[in-house]
Amino acid sequence: MVYTTLILLLSGTVLYAIFEYNHTLVEHHTWWGKLVTSFFGSVTPRTAGFNTVNMAMLSSPTILIYLLLMWIGASPGSTGGGIKTTTFAIGTLNFLSVARNKPQIELGWKEIPGEAVRRSFAIIVLSLITIGLSVFFVSFFEEDNQSILTVNNNENLVNIAFECFSAFGTVGLSL
């Protein structure tokens, strides 16, 4: 849990700083302001949903990172939503063990039980089905839904997906 949180915070901060350097970080003239805003931008999609920048000004790669962070969510034992950092870590470790052709997941000197892997996989799949159905139904019942092929609806679909991921993760962010 601690390692996953640290990796998410560090990678989220670095990616936010890279992708938002010429967007929402322009208003910060010092490296310290850019660093703090990047760190806050990495923490908030996994927990409280506060924002210090205009969310509508985020770049497309940052929005995709936010979707991932909101989907992962907080750590177990917290009130934050999402699939939880441990579920994401087990899913990632399972992916790596399959890629290495190993029969079990080993973390350090311990082996992750098969039951935990199956539960994690079920949570991941059910969460993606839930979010996918949410995006489908919200976009279907959207009043201004004219045609799926127009540019505005593709942009609208990103906004709808953002709202659904935010609701799933109980984040509270909105574009």
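The values are calculated or read from the model by the stated rules, or taken from the named source; none is laboratory data. Keep in mind it's a predicted model, so treat the numbers as computed, not measured. In this analysis, Cβ positions are derived from the backbone assuming ideal geometry, glycine residues included, and neighbour counts consider all displayed protein chains. Ligands, DNA and RNA are excluded from the accessible area calculation, which covers all protein heavy atoms including side chains. Shrake-Rupley method; radii C 1.70, N 1.55, O 1.52, S 1.80 Å.
The table below lists the values:
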read-out	value
Close pairs (8 angstrom Cβ cut-off, 6 or more residues apart or separate chains): closer than 13 Å to Arg118 by Cα in region 92-107, open to solvent by 100 Å² or more (accessible area, probe 1.4 Å) and assigned to a helix (DSSP H, G or I) anywhere	Asn94/Phe121
Residues within region 106-130 that are open to solvent by 50 Å² or more (accessible area, probe 1.4 Å) and either of a type in the set (A, V, I, L, M, F, W, C) or touching a strand residue (DSSP E or B) at 6+ places or on another chain (Cβ under 8 Å) (or both), tallied	10
Hey, Phe88 in a helix (DSSP H, G or I), open to solvent by 70 Å² or more (accessible area, probe 1.4 Å) and of a type outside the set (Lys, Arg) or not	no
Residue selected from region 18-30 under the condition buried (at least 19 other Cβ atoms within 10 Å of the Cβ) and either among the polar types (S, T, N, Q) or modelled with pLDDT of 90 or more (or both), by the criterion farthest from Ser60 (Cα to Cα)	Thr24
Residue in region 92-107 that is out of contact with any Ser or Thr (no Cβ under 8 Å at 6 or more places or on another chain), charged (D, E, K, R) and assigned to a helix (DSSP H, G or I) present	no
Qualifying residue in region 13-33 (condition: within 20 Å of Ala167 (Cβ to Cβ) and part of a helix (DSSP H, G or I))	no
